[in-house]
Amino acid sequence: MKNIAVFASGAGSNAMALIEHFNQKASKVARVAIVLTNNPDAPVLQHARDAGVKAQLLDPADYNNGETLTDILFDEAIDLIVLAGYIKRIPEELIEAFPNAIINIHPSLLPKYGGKGMYGLYVHEAVVENGEKVSGITIHYVNEEYDQGEIIQQVQLPVNPKWTSAQLQQHILRLEHQHLPLTVEKICARMK
């Protein structure tokens, strides 16, 4: 069984989708071993604890320290790291310690609307403002550059021209909750 670490910064709906998929359904492939956040007010801390998953608030010095993060993850015997709404840059030491074992979910069809500063509602506002006919999600490996790692999966969503950016965000979030756990499960099943 593979151990998953989930990094989140806010409400943690994707983290909770992963916990429900793996831990609540007694998956034999993987389990969410720990949820980490840099935000002391993040509801995901309590949500994870309520679901019986270890949750840890990272000290500001720690989430930029690759050695400290690596030590935490090695202590938990982590096999795969999932960035689920975590907007801090991942230190290079962590990327080196977990090659092809860190994935991110992004709320657009990369390379469109990716890069530094493009997260959450900002992405959807840009999609709506530019009159895009299609948006979607991208699940990709993490490398040293924002949103430029190898793409694992993309799922498209036709954009209704009457949608606001908030409405688009809700539709995209449903796609994320549906596809992220299944993709993570496939990745874990392929890991040695």
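Every read-out reported here was derived from the displayed coordinates using simple, explicitly stated rules and does not represent laboratory data. Since the structure is predicted, the reported quantities are computational estimates derived from the model, not experimental observations. Counting neighbours? That spans all protein chains shown, and the Cβs are built from the backbone with ideal geometry, glycine included.
Values as computed for the structure displayed
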| quantity | calculated |
| --- | --- |
| Per-residue Cβ neighbour rank within 10 angstrom, fewest leading, S108, S27 | S27, S108 |
| Farthest positive-ward along region 2-190 dipole, Cα basis, beta-carbon charges - from G115, L73, Q24 | Q24 |
| Per-selection Rg to Rh, the chain - Cα, Kirkwood hydrodynamic radius | 0.95 |
| For the chain, size of Cβ-based charge dipole, Lys and Arg +1, Asp and Glu -1, in debye | 880 |
| Relative exposure of R31, R49, judged by other C-beta atoms within 10 Å (fewest first) | R49, R31 |
| Karplus-derived 3J(HN,Hα), 6.51/-1.76/1.60, for each residue of region 136-149, Hz, glycine and proline x | x, 10, 10, 10, 9, 6, 9, 10, 6, 10, 4, 6, 10, x |
| Region 151-168 - phi-based ³J(HN,Hα) in whole Hz, Karplus 6.51/-1.76/1.60, Gly and Pro as x | 6, 8, 7, 10, 10, 8, 9, x, 9, 6, x, 8, 5, 7, 5, 5, 5, 4 |
| Ranked L94, L175, criterion: other C-beta atoms within 10 Å, fewest first | L175, L94 |
| Straight-distance crosslink candidates among lysines, where the alpha carbon sits under 19 Å from K2 and sequence neighbours closer than 8 are dropped | K25, K28, K54, K186, K192 |
